[in-house]
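Let me begin by presenting the structure, written as structure tokens, before commenting on it.
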Amino acid sequence: MGKGQSLYNRAKAIIPGGTQLLSKRPEMFLPDQWPAYYSRAKGCEVWDLDGTHYYDMSYMGIGANTLGYANDEVDSCAIEAIHNGGMCTLNAPEEVLLAEKLLQLHPWAGGVRYAKAGGEAMALAVRIARAYTKRDVVLFCGYHGWHDWYLAANVTSPDALNDQHLSGLIPAGVPQGLYGTCRPFHFNDTEEFLCLSEKYKDQVAAVVMEPIRNAAPTATFMKTIQEYCSRSGSVLVFDEITAGFRISAGGSHLALKYSPDMAVFAKGMTNGYPLSAIIGRKQIMDAAQDTFISSTFYTERVAFAATCKAVDVFLRDRVWEKLIAYGKHVKEGWTEAANHAGLQITVGGIDPLAHFSFRENNLALKTYFTQEMLKRGFLASTACYTSFAHSEQIISEYLEAVESVFADISCLLSSGSPIENSILGPVCHSGFERLN
């Protein structure tokens, strides 16, 4: 047992759930073996508490580090802000500078508010939409955070979020009075959306969705939603927290040529600093003055300074082009390696947020894959979020390792031996599970 695994056992005894982020739980990767904690990260390289070196070919800070870890230009601006005072009675000028940058990228918008995390920014967007429309109901598609407005879907139906986010999300602590205020629909399912919009008619405050998920929206699907929002006065909110800045400068909806009423950005634009932004049409954003939204640390300077520089670097270096190219390379490599090994996998996701799954016994094979890739020096799962710090050489070395592990899996399956016998610990979790 390494230092990371030992520390995680201590954490589970005093931190309910073990970590602050479900997606970082070692049980989601490789129970009892995942290094769990890092001592240093730079570019796409990570060193654990034992000093072991890895290339991160998994989630790159759970999607937060599009430029790579510890980017020199971004971090230098953060350091300068620290030296000049990260907090003050007066406001940080970078608040205004970043707002101007965002509105230049999004000429359809006329106002900006800030928060610290993506989930709370989505909660703010819903609050503003409800204040503007004076309605309660939200129709949504996809994953949009942990707050009450969203988990209220499972108050109405206990399995509403199973195929939107994760199974097993019991809405404990969410007021039962929120029953019926939040209803899900599925991406590209036009008929389902039409049924919901007909049921709720003019009661809907907002339609919340990602403009792109594993695939682009169909023209009919998006046209139906836009026409409904225009006709009913409901606010169309695009969640750009993950996809934003990855397939175009400023947000995926710009590349898709769809204009929302509001859009939310966070980790995709900050390169690891805690800041989120809600932008929207001026008359809608002005409703933020009619509802109380205020927090001391929403005014903290360091993340503003870092994000201003991150946006500049993103635009100057056309970062999204690299993210897309690297993602295509990875997806092609997975497919080729699986074909060579005779394995059946399904590859999906937009190129910078690629993922695959084994068509049979996925969780056990995923666990074994992660275990064997770790031995070869890669933090790897069945997803790969590309960053500007990756390179063709690193990706090629990664894909060589993938081909080797896929070949091992093929041999194990051919032998008839259960794959679980070759896993050195439990099989990874697939959804929300309470930890003992």
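So here's what we get for this one:
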| quantity | calculated |
| --- | --- |
| Positions within region 400-412 being more than 11 Å from Met373 (Cβ to Cβ) and open to solvent by less than 20 Å² (accessible area, probe 1.4 Å), in sequence order | Ile409 |
| Test: residue in region 197-217 that is open to solvent by 30 Å² or more (accessible area, probe 1.4 Å) and either β-branched (Val, Ile, Thr) or closer than 16 Å to Trp108 by Cα (or both) | no |
| Residue within region 385-401 that is more than 27 Å from Asn214 (Cα to Cα) and part of a helix (DSSP H, G or I) present | no |
| From the options Gly251, Gly327, residue that is under 21 Å from the mean Cα position of the chain (by Cα), open to solvent by less than 20 Å² (accessible area, probe 1.4 Å) and at pLDDT below 95 | Gly251 |
| Among (1) out of contact with any strand residue (DSSP E or B) (no Cβ under 6 Å at 6 or more places or on another chain); (2) at pLDDT 95 or above; (3) open to solvent by less than 60 Å² (accessible area, probe 1.4 Å), the one test that Leu236 misses | (1) |
| Any hit, region 59-69, residues being buried (at least 20 other Cβ atoms within 10 Å of the Cβ) and over 30 Å from Cys428 (Cβ atoms) | no |
| Scope region 219-232; condition touching a residue at least 12 places away in the same chain (Cβ under 8 Å) and either surrounded by 13 or more Cβ atoms within 10 Å (Cβ to Cβ) or within 10 Å of Lys201 (Cα to Cα) (or both); matching residues | Phe221, Met222, Thr224, Ile225, Gln226, Tyr228, Cys229, Ser232 |
| Count of residues meeting criterion [farther than 18 Å from Phe356 by Cα and either among the small types (Gly, Ala, Ser) or buried (at least 16 other Cβ atoms within 10 Å of the Cβ) (or both)] in region 413-431 | 9 |
| Residues (open to solvent by less than 50 Å² (accessible area, probe 1.4 Å) and of a type in the set (Phe, Trp, Tyr)) located in region 47-58 | Tyr54 |
| Where a residue in region 36-61 is without any contact (Cβ under 8 Å) to a residue 12 or more places away in the chain and its partner, wherever it lies, is surrounded by fewer than 19 Cβ atoms within 10 Å (Cβ to Cβ) and of a type in the set (Lys, Arg), with Cβ under 8 Å and at least six apart | Trp47/Arg40 |
| Subset tally (residues that are buried (at least 24 other Cβ atoms within 10 Å of the Cβ) and out of contact with any Asp or Glu (no Cβ under 7 Å at 6 or more places or on another chain)) for region 278-303 | 3 |
| Single match in Pro16, Pro31, Pro35, Pro26 (criterion: of a type outside the set (Val, Ile, Thr) and open to solvent by 40 Å² or more (accessible area, probe 1.4 Å)) | Pro16 |
| Residue list for region 337-361, restricted to those being outside any loop (DSSP other than H, G, I, E, B), touching a residue at least 40 places away in the same chain (Cβ under 8 Å), surrounded by fewer than 16 Cβ atoms within 10 Å (Cβ to Cβ) and more than 21 Å from the chain's Cα centre (by Cα) | His340 |
| All positions within region 304-323 that are open to solvent by less than 40 Å² (accessible area, probe 1.4 Å) and of a type outside the set (Gly, Ala, Ser) | Phe304, Thr307, Cys308, Val311, Val313, Phe314, Val319, Trp320, Leu323 |
| Search result, residues across region 306-323 that are closer than 16 Å to Asp72 by Cα and out of contact with any Leu (no Cβ under 9 Å at 6 or more places or on another chain) | Lys309, Asp312, Arg316 |
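The values are calculated or read from the model by the stated rules, or taken from the named source; none is laboratory data. The shown structure was predicted, so the numbers you read here are calculated from the model rather than taken from an experiment. Positions of Cβ are generated from backbone atoms using ideal geometry, with glycine treated the same way; all protein chains shown enter the neighbour counts. These area figures cover heavy atoms from the full protein model, side chains too; ligands, DNA and RNA do not enter into them. Shrake-Rupley method; radii C 1.70, N 1.55, O 1.52, S 1.80 Å.
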